[in-house]
Structure formats: structure tokens, C-alpha cells
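Visitor: Provided herewith is a single structure, encoded as C-alpha cells, for subsequent inquiry.
The values are calculated or read from the model by the stated rules, or taken from the named source; none is laboratory data. The model shown is predicted, which means the values in this text are computed figures rather than measured ones. Every residue, glycine as well, gets a Cβ built from its backbone with ideal geometry; the counts of neighbours run over all protein chains shown.
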Amino acid sequence: MGNITIRRMTTEDAEAVTDILMNAWKTAYRGIVSDEYLDNMNRETLAERRRQQHKDYIVAVADGRIVGYCWYMNNNSYTQDVPEVDSEVVALYVDPASKRHGLGKMLLSHAMDDLRNQGKKKMIIWCLKDNLPARAFYEKMGGTVAYEHKTNIWYRDYDEVGFLYNLEQ
């Protein structure tokens, strides 16, 4: 893999980011999330959401191609459950064909540095409890499981764990 750069996402990146999302879900979540959901993901609907949310995303680019992305925010969409957390990584995905090149680490580190520079103190990442490879990655990156809750994906509840990161360390 060539030179990798991290930059803010633009609306023009929505389709490439959506393709990574769909491929990552179909690879990582097969056997965890219902096949019916995975087989019926709507690319255009997902791309439109990415276009609307693009300001909160960064992308990893290698050889002119987007190979990963991270969606993070300087607030916490689960404030009622974890009020002490002031920032969140909502999604972190790498193109399955580009894994094992440090892209996830680069993206997560970039997000954490940006949030730290904004004065944020505690960050959370939610992960499906049964997604053992992702859990191992988040632990390796310094997160500790501090919370659990249920999330609903296409009319079915799944267990999630929340990895807490102290951004002051």
C-alpha cells in the first residue's frame, strides 16, 4: 500500500465510503447480524446519509483511493446513558481488502488527537459484543469496556459494549 493520507470527507466521497461500509458490514457482521439485513442494505440510502453527515467524517486515502473512514463527533449521542463521556467515535471501517496496514490505528489516532485538541476528556466507541476482532482492536488501542447496552438493527436487538478512552492520558 502506498502513501496514506488522512483528510476530511467531502460529499463526492459518499459512494466510496458507502462501499467500504457495506463491504465491511458484510464481512465483519456475517453470522452476527441477520443475513436478511446484510443482504438488503440499500446503497443509495446509505450514500445519501453519508453525504448529509460528511463534515463529521475523515477518510484514509491510498494511491488515490479511499480505503477507510472514521465518523466521530465532539459530543455524545448516549448522554442519558453515559453522561461523563463528552465525545464519540460512531463508526470506524477499513476496506476489508486493505486491512492489516495500520489504517484503523491511523484513523482512530487522528480522531482522538482532534478530539483532544478540542478539549474533550472522555471518548466512547460502541461495538457489537460478538464482534471479537473489533473488540481486540479497540482494547489494543487503549479502550476499556465500561458499558453495555442493546442496540436495534432492523427490528432485532443486539448487545453492544462501550469502550471508554481517557483522552487526557
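Visitor: From the residues in segment 7-19 that are surrounded by 18 or more Cβ atoms within 10 Å (Cβ to Cβ) and touching a strand residue (DSSP E or B) at 6+ places or on another chain (Cβ under 8 Å), which one is nearest to residue 109 (Cα to Cα)?
Guide: Taking segment 7-19 as the starting set, the residues that turn out to be surrounded by 18 or more Cβ atoms within 10 Å (Cβ to Cβ) are 9, 13-14, 16-18.
Next, from what is left, pick out any that are touching a strand residue (DSSP E or B) at 6+ places or on another chain (Cβ under 8 Å): 9, 13, 16-17.
Numbers: 9: 17, 13: 21, 16: 22, 17: 19 Å.
Among those that are surrounded by 18 or more Cβ atoms within 10 Å (Cβ to Cβ) and touching a strand residue (DSSP E or B) at 6+ places or on another chain (Cβ under 8 Å), it is 9.
Visitor: Can you name the residue in segment 127-148 that is among the small types (Gly, Ala, Ser) and closer than 18 Å to residue 76 by Cβ and is also farthest from the chain's Cα centre (by Cα) among such residues? Give the steps one after another, and end with the answer.
Guide: Step one: filter segment 127-148 for residues among the small types (Gly, Ala, Ser), giving 134, 136, 142-143, 146.
Still in the running and closer than 18 Å to residue 76 by Cβ: 143, 146.
Values: 143: 14, 146: 18 Å.
Per the criteria, the residue is 146.
Visitor: Residue by residue through segment 117-137, note down the ones that are in contact with a Ser or Thr (Cβ under 9 Å, 6 or more places away or on another chain) and either surrounded by 16 or more Cβ atoms within 10 Å (Cβ to Cβ) or hydroxyl-bearing (Ser, Thr, Tyr) (or both). Talk me through it step by step, then tell me what you get.
Guide: Going residue by residue through segment 117-137, those that are in contact with a Ser or Thr (Cβ under 9 Å, 6 or more places away or on another chain) are 118, 120-124, 126, 128.
Those that are in contact with a Ser or Thr (Cβ under 9 Å, 6 or more places away or on another chain) and either surrounded by 16 or more Cβ atoms within 10 Å (Cβ to Cβ) or hydroxyl-bearing (Ser, Thr, Tyr) (or both): 120, 122, 123, 124, 126, 128.
Visitor: Against the definition (aromatic (Phe, Trp, Tyr) and within 18 Å of residue 97 (Cα to Cα)), how does residue 29 come out, yes or no? First the steps, then the outcome.
Guide: Values: aromatic (Phe, Trp, Tyr): yes; within 18 Å of residue 97 (Cα to Cα): yes.
Considered against the rule, which asks whether it is aromatic (Phe, Trp, Tyr) and within 18 Å of residue 97 (Cα to Cα), residue 29 comes out as yes.
Visitor: Among the listed residues 32, 124, which satisfies the condition of being aliphatic (A, V, I, L, M) and more than 16 Å from the chain's Cα centre (by Cα)?
Guide: On the way: 124 fails: more than 16 Å from the chain's Cα centre (by Cα).
After ruling out the rest, the residue left standing is 32.
Visitor: Can you report the number of residues in segment 152-169 which are modelled with pLDDT under 95 and closer than 22 Å to residue 96 by Cβ?
Guide: 2
Visitor: Oh, and also: Look through 59, 82 and report the one residue that is among the β-branched types (Val, Ile, Thr) and surrounded by 21 or more Cβ atoms within 10 Å (Cβ to Cβ).
Guide: Working: 82 fails: surrounded by 21 or more Cβ atoms within 10 Å (Cβ to Cβ).
The unique qualifying residue is 59.
Visitor: So how many residues does segment 1-49 have that are farther than 19 Å from residue 92 by Cα and in contact with a Pro (Cβ under 6 Å, 6 or more places away or on another chain)?
Guide: Selection size over segment 1-49: 0.
Visitor: If we keep just the residues of segment 157-169 that are in contact with a helix residue (DSSP H, G or I) (Cβ under 9 Å, 6 or more places away or on another chain) and not in a loop (DSSP other than H, G, I, E, B), which is surrounded by the fewest Cβ atoms within 10 Å (Cβ to Cβ)? It would help to see each step written out before you state the result.
Guide: Within segment 157-169, the first condition is being in contact with a helix residue (DSSP H, G or I) (Cβ under 9 Å, 6 or more places away or on another chain), and the residues that meet it are 161, 163, 165, 167-168.
Checking the rest, the ones that are also not in a loop (DSSP other than H, G, I, E, B) come to 161, 163, 165.
Values: 161: 20, 163: 22, 165: 26.
Per the stated criteria, the residue is 161.
Visitor: Continuing with this model, one more query. Return yes or no: is residue 22 surrounded by 14 or more Cβ atoms within 10 Å (Cβ to Cβ), over 28 Å from residue 115 (Cβ atoms) and either touching a residue at least 24 places away in the same chain (Cβ under 8 Å) or not small (Gly, Ala, Ser) (or both)?
Guide: Details: surrounded by 14 or more Cβ atoms within 10 Å (Cβ to Cβ): yes; over 28 Å from residue 115 (Cβ atoms): no; either touching a residue at least 24 places away in the same chain (Cβ under 8 Å) or not small (Gly, Ala, Ser) (or both): yes.
No.
Visitor: Related question: Would you be able to say whether some residue in segment 145-156 is under 22 Å from residue 20 (Cα atoms), surrounded by fewer than 17 Cβ atoms within 10 Å (Cβ to Cβ) and not polar (S, T, N, Q)?
Guide: As a first pass, look at segment 145-156 and keep what is under 22 Å from residue 20 (Cα atoms): 151-154.
With the extra rule that they be surrounded by fewer than 17 Cβ atoms within 10 Å (Cβ to Cβ), the set shrinks to 151-154.
Next, only the ones that are not polar (S, T, N, Q) stay: 153-154.
Within segment 145-156, one or more residues are under 22 Å from residue 20 (Cα atoms), surrounded by fewer than 17 Cβ atoms within 10 Å (Cβ to Cβ) and not polar (S, T, N, Q).
Visitor: Considering only residues that are in a helix (DSSP H, G or I) and surrounded by 18 or more Cβ atoms within 10 Å (Cβ to Cβ), which ones fall in segment 29-45? Outline the logic, then answer.
Guide: First pass over segment 29-45, keeping only residues in a helix (DSSP H, G or I): 35-39, 43-45.
Selection gives 38 alone.
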